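Values in this text are rule-based calculations from the coordinates and carry no lab data. Just so it is clear, the model here is predicted, and its values are computed rather than measured. Quick reminder, even Gly has a Cβ in these numbers, built from the backbone with ideal geometry, and neighbours come from all protein chains shown.
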Amino acid sequence: MTATASTNTSDETIRKMAYQLQFYEAQAKQLQRNVEMLQEALEEALSTQAAVQALSKADGATIFPLGARVFVLAKPEKKNKLLVEAGAGVMVEKTCEEASADLDESVKKIRDGLTKAQEQLAEISRKANELNAQAEALSRKPKEAR
């Protein structure tokens, strides 16, 4: 193989690696967005859990979070009854214990999804780092050696 043919092959390999790195970068960005969304969902579920626990222990008027640093002082008419969204805008009446159990399950699922997304992100980062190191090593080879 001539030096020119070898150089062209190396350049083509580096280009392919660059495309693969761009693909890994796009995957990493999407996974990072997923991680952020899951973290927000986890925070919301944990906050809701705390509010449900506060309601179950409430004796009289209590402050309840509405979101975005807004609270309401209220005295529930039915101390141990909550309306929980079942989907498609349908509300179901549940006890604090039932709602808390639902939230426990949601928190578990969110944490599992978060762990999986973080593992995938770490794997993509590892692959990208390996490929980047290979591309750098290949590009450093003297032109004669290529």
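Lysine pairs in the range 72-146 8 or more apart or on different chains: how many have alpha carbons under 29 angstrom apart?
Final tally of qualifying lysine pairs is 17.
What is the spin-label model distance, in nm, from F23 to A88 if the labels are put 7 Å beyond Cα along the C-beta direction?
My value for the distance between the label points is 4.0 nm.
In the neighborhood of A61, defined by Cβ-to-Cβ distances under 14 Å, what is the net charge if each Lys or Arg adds +1 and each Asp or Glu adds -1?
Values: positive: K57, K75, K79; negative: D59, E77.
Local net charge: +1.
Ranked highest first by average number of other Cβ atoms within 10 Å, how do 16-28, 68-80 line up?
Going by the mean number of other Cβ atoms within 10 Å, highest first, we get 16-28, 68-80.
Okay, helix-only estimate at 222 nm for the chain: each DSSP H run of n ≥ 4 adds -39500 (n - 2.57), divide by all residues, round to 500 deg cm²/dmol; what do you get? Working shown, then result.
Numbers: 2 runs with 100 residues, N = 146.
Value at 222 nm, helices only, nearest 500: -25500 deg cm²/dmol.
For the chain, take the longest principal axis of its alpha carbons; what is the angle in degrees between that and the long axis of helix 3-57, to the nearest 10 within 0 to 90?
Here the helix axis deviates by roughly 10 degrees.
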